[in-house]
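The values are calculated or read from the model by the stated rules, or taken from the named source; none is laboratory data. What you see is a predicted model, and the numbers here were worked out from it, not measured in a lab. Cβ coordinates were reconstructed from backbone atoms using ideal geometry, including for glycine residues, and neighbour counts include every protein chain displayed.
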Amino acid sequence: GSGEPGDGGRPGDDSTAVTVQVPAKVNVQLAVGPPRADGFHELANVFLAVGLYDRVTARPAERLELGCTGPDADRVPLDGTNLAARAATALAARHGIEPAVRLDIEKDIPVAGGMAGGSADAAGALLACDALWGLETPREQLLEICAELGSDVPFSLVGGAALGRGRGERLSVLEVGAEFHWVFATADGGLSTPAVYREFDRLTGSAASEPQPSEALLAALRRGDAEQLAACLANDLEPAALSLRPELARTLETGRGAGAAAALVSGSGPTCAFLAKSAEGAESVAGALREAGVCRTARTATGPAPGARVLPDRTAT
Ligand code: C5P
């Protein structure tokens, strides 16, 4: 917002609203190790942000309030467990102020879909509140708060492409040589990330090996080589997601049959991701998935996409 000091908070006055746009992610490599003492799994997690976005708008309010719109809005909790609410509370606590803010989430990322939708809302709320409250919190501190909120939240803030180590929160930025064309097939109902990790533990019997990033995959990203990237895509959580949702195998198979260069479950699922060699290829895979009725919706998107960012004032027009 570009409002003058003191003009905020009046009902109907939107001049101090701040809107942040945050991308979804797909894991082009998700190598999972055995469970650690703290219950989390050691990862080599190669994140790619893709152009499906949630928006979070922050406005002055008497106390923390939360709203959500979009096709999946009824599945987003609007209490203190919401990651956006927790982000606002954590930022306010760090600065010793009250989280007096209304947060409105415009949800376009599938809920519990393995595309970091909740993490996106947390990163969006953090950035929106920081701007609304004029805090100018240093980037490293924002990243610390992100890591406390969830393993994928730091990446939602940073965007682009990155390698995540530890439980996924320790990031190193990766260079990407070209735009990649993706199709995302969403499913009815979500999958619980902890449940998918539990199934991973059951299937591997804690015999998972030390996770390592694939050099061939990092080179494919760097060169922007879709064909090589397709050959390297790997998600260790895929067998667990398929075990909990066997019908996803048909979705993957349909996309492959329609000419996708590669197909995999996105993160902990149940969204399925398809890499295409061109924008046209992506459209035709999306069409085939819709026609076969093996998903709820099929959406195309490109990546890398930028991380969380404040949008220009939407009320100024
Ligand atoms: O960190 P976050 O809250 O996003 O993780 C959600 C759940 O996913 C964790 O509670 C844990 O069960 C599982 N998880 C894990 N290992 C990771 C990341 C997440 O076991 N590296």
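Computed values, structure above
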{"item": "Subset of segment 218-237 [farther than 15 Å from GLU179 by Cα and either in contact with a Gly (Cβ under 8 Å, 6 or more places away or on another chain) or surrounded by 18 or more Cβ atoms within 10 Å (Cβ to Cβ) (or both)]", "result": "CYS232, LEU233, ASN235, ASP236, LEU237"}
{"item": "Boolean, ARG309 is basic (Lys, Arg) and over 23 Å from LEU171 (Cα atoms)", "result": "no"}
{"item": "Considering residues of segment 191-217 that are within 18 Å of ALA273 (Cβ to Cβ) and more than 13 Å from the ligand (Cβ to nearest atom) only, the residue surrounded by the most Cβ atoms within 10 Å (Cβ to Cβ)", "result": "LEU217"}
{"item": "Only listed residue being surrounded by fewer than 23 Cβ atoms within 10 Å (Cβ to Cβ), at pLDDT 95 or above and more than 14 Å from the ligand (Cβ to nearest atom), chosen from ILE109, ILE105, ILE97", "result": "ILE97"}
{"item": "Residue check for THR186: touching a Ser or Thr at 6+ places or on another chain (Cβ under 6 Å), modelled with pLDDT of 95 or more, β-branched (Val, Ile, Thr) and away from the ligand (no atom under 16 Å from the Cβ)", "result": "yes"}
{"item": "Spans of strands (runs of 3 or more DSSP E) in segment 24-106 with at least 2 residues under 13 Å from ALA125 (Cβ atoms), aliphatic (A, V, I, L, M) and touching a strand residue (DSSP E or B) at 6+ places or on another chain (Cβ under 9 Å)", "result": "41-60, 101-106"}
{"item": "Flag if VAL173 is within 17 Å of the chain's Cα centre (by Cα), modelled with pLDDT of 95 or more, more than 16 Å from the ligand (Cβ to nearest atom) and closer than 26 Å to CYS146 by Cβ", "result": "yes"}
{"item": "Filter result (away from the ligand (no atom under 13 Å from the Cβ) and either within 10 Å of the chain's Cα centre (by Cα) or among the polar types (S, T, N, Q) (or both)) within segment 116-147", "result": "THR137, GLN141"}
{"item": "Selected residue (only one of GLY159, GLY164, GLY150 is within 16 Å of LYS25 (Cα to Cα), away from the ligand (no atom under 13 Å from the Cβ), of a type outside the set (Val, Ile, Thr) and not assigned by TED's automatic domain parsing to the domain that holds LEU242)", "result": "GLY159"}
{"item": "Residue in segment 9-22 that is within 16 Å of the ligand (Cβ to nearest atom), touching a Gly at 6+ places or on another chain (Cβ under 9 Å) and either at pLDDT 95 or above or not in a loop (DSSP other than H, G, I, E, B) (or both) present", "result": "yes"}
